[in-house]
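See below for the structure under consideration.
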Amino acid sequence: MVSAWEDFYAKHPPPQDLAQNESALKKFTKKHLEEGVKVVLVTSGGTTIPLEHNTVRFVDNFSAGTRGSLSAEYFLEHGYAVIFMYRIKSLEPFSRHFVGQKFLDMLQISEDDENPVITVLPEHTEKVATVLQKYKEALNQKKLLQLSFTTLSEYLWLLRSACQALAPLGNKAILYLAAAVSDFYIPSNEMSVHKISSSGPPTIQLQLVPKILVPLVSLWVPQAFVVSFKLETDETVLISKARTALNKYHHNTKRYSHKMMFVNDSAHLQKWTDILLLPKQPINSHNVNLTRNFLTSFFRLVIVNFMIIY
């Protein structure tokens, strides 16, 4: 019997750029495997569910990509090579510091119309130089690979390809799954080809997205250290749902699979009640702000657990 996740891939064609991305993934992971560098896959941003093949409307899982882009920078600081898999137009490592009008406000232009010179205002020079230096260092060392997606289908195809590329690293790989992945979708064969008519209220039936963590931890990267995230707005069901998921995807006979789950009960961008769950471990909960101090502590916890296990 074909599983739900196998059926999903069978019914949704791969994105046109998948072969190109797979080539980049294999080259990246091969280099760092040979050099003995640990590699982390960071997924970030939300996925869309198109309502039509010629997409005009879609359902979106909102995520600015704050956690993922910031986390990627911290992994780089700790010596990891990073595959950053992100939603197009969500925040990216390093450039997240200069979003929108704020970046233009940091610049000034000379009054010479023939040969204008653009410079950074003195009060912003240190910040820009620091971020730029870290970005250039990551590029020069070939430790940052960025791949983008928009739709759920694009995300799932790219995730599987990334896992296949990471599999040879065995226990030198971390999967840090911070993307906000849709729970529901419209199967490709049930989707309207053209724009849905607005002559009357439409009836749209959504299907459950297959639980991709099942093949991920048991088949694709069974030795990898996997960190996942769960968002709930109802705190009364938060722990029970997260604990059920963690225990479901943790395989005691494998070495090792789903090891950590970070969950939160608020959709607010700047503050969460974050709870770290480990298999068969007591709950540790505390309110946190998305600050350097918090992330430093969190990454120390992730990396220490990773080193102890492997």
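Values in this text are rule-based calculations from the coordinates and carry no lab data. The shown structure was predicted, so the numbers you read here are calculated from the model rather than taken from an experiment. Cβ sites come from the backbone with ideal geometry, for glycine too, and all protein chains shown count toward neighbours.
Quick one: work out the % antiparallel among DSSP beta bridges in the stretch 48-161, nearest 5.
45 percent
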Please express the shape of the stretch 57-172 as an equivalent ellipsoid: the semi-axes are the square roots of 5 times the eigenvalues of the C-alpha gyration tensor, given largest first in whole angstrom. 32, 20, 12
Local charge sum around GLU137 (other residues, Cβ-Cβ under 11 Å, Lys/Arg +1, Asp/Glu -1)? +3
Under 12 Å from the Cβ of ALA24, count the other residues' Cβ atoms, weight Lys and Arg +1, Asp and Glu -1, and hand me the total. +3
Of all lysine pairs in the stretch 4-122 that are eight or more residues apart or on different chains, those with Cα atoms under 29 Å apart total 12
Please give, to one decimal in nm, the separation of the simple spin-label points placed at GLN146 and GLU123, each 7 Å out from Cα toward the Cβ. 2.8 nm
Subtracting the Cα-Cα distance from 0.36 nm times the residue separation, let me have the gained length for SER3 to ILE204 in nm, one decimal. 69.9 nm
